[in-house]
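Worksheet for the structure shown next.
The values are calculated or read from the model by the stated rules, or taken from the named source; none is laboratory data. These numbers come from a predicted model, not from an experiment. Methodologically, a virtual Cβ is constructed for each residue, glycine included, from the backbone with ideal geometry; neighbour enumeration extends over all protein chains shown.
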Amino acid sequence: MAEWVLKPMKQVTIASRASQARKAHDALMPEVAAAGYSGDSQFAIRLALDEALANAMFHGNGGDPTKNVLVEYEVNNESVYIKIQDEGHGFNPKIIPDPTLEENLCKPNGRGIMLMKAYMSKVSFDDMGRCVTLIKNRNCKRPVASYPTQQD
Amino acid sequence: MTDTESRLTIIEDGPISSVRFLDQNILEENSIQKIGAEILQLIDQAINPKLLMDFQNVEHLSSAALGTLITINNRIKEKGGQLRLVNINPQIYEVFAITKLDKLFKIYEDSDKACASFS
């Protein structure tokens, strides 16, 4: 972790439009591949990145193309670190219902955060939900086919 | 790709409509909405829709795409129809398993088994 704090991270700023997510993919994913992360890890990182970007652009920034999303990232031999910041009003990630409960299975929304948690080694929210940090360790055993709790 | 261009191949075979995705990645909000609208229109035109969705080309999908699949499943149920999903690769299948949507959807290895399962 100290390495990330000391070293300035790479940055991509994108407008809140679906088509802009590609800019973040194009910046980050080739570095992940070049660093030798497995196909499953690349799938996991891309999935979590997409979910976090969609949350930031459409829930955080409300799809307002004048509001930006800042993506900061660092890829090294041990881990991939991604921090995504939006300009919205924030939210409380602890009150998102478990989408895997029987009563929620037919609801079309609410799976993004659980997918991020299932596929990444660590997911944390700061700045009242406006900032999410995703970490994927190279030796990460996830995904696991169960809902990760807040304690994970 | 233009806004009016379909991102699906649709084949009508008797009572069964087969839908195949042209895109490897079903991620972007706009294209997901467009795919959803096209399939919902197909369902609304049928009396007891029998829909087979083929994921052979699909390598990535988002939770928004899962949401659209759920909306499609809900609409088919309202119309007394049946939905089958086929040719889902192991990585995508894992997304269904983690979200427990493998319990909600009827998923088959291939089209023959899925077609045979329609009543």
I need a count of the residues in segment A:76-102 that are closer than 15 Å to A:Glu51 by Cβ and in contact with an Asp or Glu (Cβ under 6 Å, 6 or more places away or on another chain).
1
Checking A:Pro99 against (1) surrounded by 16 or more Cβ atoms within 10 Å (Cβ to Cβ); (2) within 16 Å of the chain's Cα centre (by Cα), the condition it does not meet
(2)
Considering only segment A:114-131, state which residues are part of a helix (DSSP H, G or I) and out of contact with any helix residue (DSSP H, G or I) (no Cβ under 7 Å at 6 or more places or on another chain).
A:Met114, A:Lys117, A:Asp127, A:Met128
Of the conditions (1) in contact (Cβ under 8 Å) with a residue 24 or more places away in the chain; (2) away from every other protein chain (no Cβ under 14 Å); (3) not polar (S, T, N, Q), A:Pro8 satisfies every one except a single condition; which number is it?
(1)
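Filter segment A:89-100 down to the residues that are of a type outside the set (A, V, I, L, M) and closer than 22 Å to A:Gly63 by Cβ, then identify the one that is nearest to the other protein chains (Cβ to nearest Cβ).
Just the residues of segment A:89-100 that are of a type outside the set (A, V, I, L, M), to begin with: A:89-94, A:97-100.
Those left that are additionally closer than 22 Å to A:Gly63 by Cβ: A:89-93, A:99.
Details: A:His89: 20, A:Gly90: 20, A:Phe91: 16, A:Asn92: 19, A:Pro93: 15, A:Pro99: 6 Å.
Across segment A:89-100, the extreme among qualifying residues is A:Pro99.
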If only one of B:Leu83, B:Leu40, B:Leu52, B:Leu69 is in contact (Cβ under 8 Å) with a residue 24 or more places away in the chain, outside any helix (DSSP H, G or I) and within 14 Å of chain A (Cβ to nearest Cβ), which one is it?
B:Leu83
Return a yes/no flag: does segment A:65-79 have any residue that is farther than 11 Å from B:Ser63 by Cβ, within 14 Å of chain B (Cβ to nearest Cβ) and over 16 Å from the mean Cα position of the chain (by Cα).
yes
Restricting attention to segment A:49-64, report how many residues are within 13 Å of chain B (Cβ to nearest Cβ), within 15 Å of the chain's Cα centre (by Cα) and of a type outside the set (Phe, Trp, Tyr).
10
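Condition check ((1) under 30 Å from A:Ile45 (Cβ atoms); (2) at pLDDT 90 or above) across all residues:
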position	(1), (2)
B:Gln24	yes, no
B:Gln41	no, yes
B:Leu66	yes, yes
B:Thr71	yes, yes
B:Asn74	no, yes
B:Gln82	no, yes
B:Lys100	yes, yes
B:Ile107	yes, yes
Odd one out for A:Glu31, checked against (1) facing chain B (nearest Cβ under 9 Å); (2) more than 29 Å from B:Arg75 (Cα to Cα); (3) not aliphatic (A, V, I, L, M)
(1)
Return yes or no: is A:Arg46 basic (Lys, Arg), within 14 Å of chain B (Cβ to nearest Cβ) and touching a helix residue (DSSP H, G or I) at 6+ places or on another chain (Cβ under 7 Å)?
yes
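Only one of these is touching a residue at least 60 places away in the same chain (Cβ under 8 Å), over 15 Å from A:Ile84 (Cα atoms), among the hydrophobic types (A, V, I, L, M, F, W, C) and crowded, with 22+ Cβ neighbours inside 10 Å: A:Ala52, A:Ala44. Name it.
Values: A:Ala52 fails: over 15 Å from A:Ile84 (Cα atoms).
Criteria check complete, one pass: A:Ala44.
Could you list, in sequence order, all residues of segment A:101-113 that are outside any loop (DSSP other than H, G, I, E, B) and at the interface with another protein chain (Cβ under 7 Å from one of its Cβ atoms)?
Scanning segment A:101-113 gives a single hit, A:Gly112.
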Test B:Ser62 against the stated conditions and say whether it is in contact with an Asp or Glu (Cβ under 7 Å, 6 or more places away or on another chain), polar (S, T, N, Q) and surrounded by fewer than 19 Cβ atoms within 10 Å (Cβ to Cβ).
no
Which of the residues belonging to segment B:90-112 are in contact (Cβ under 8 Å) with a residue 24 or more places away in the chain and surrounded by fewer than 14 Cβ atoms within 10 Å (Cβ to Cβ)?
B:Asp110
A:Asn109 versus (1) in contact with a helix residue (DSSP H, G or I) (Cβ under 8 Å, 6 or more places away or on another chain); (2) over 30 Å from B:Asn73 (Cβ atoms); (3) not aromatic (Phe, Trp, Tyr): which is the lone unmet condition?
(2)
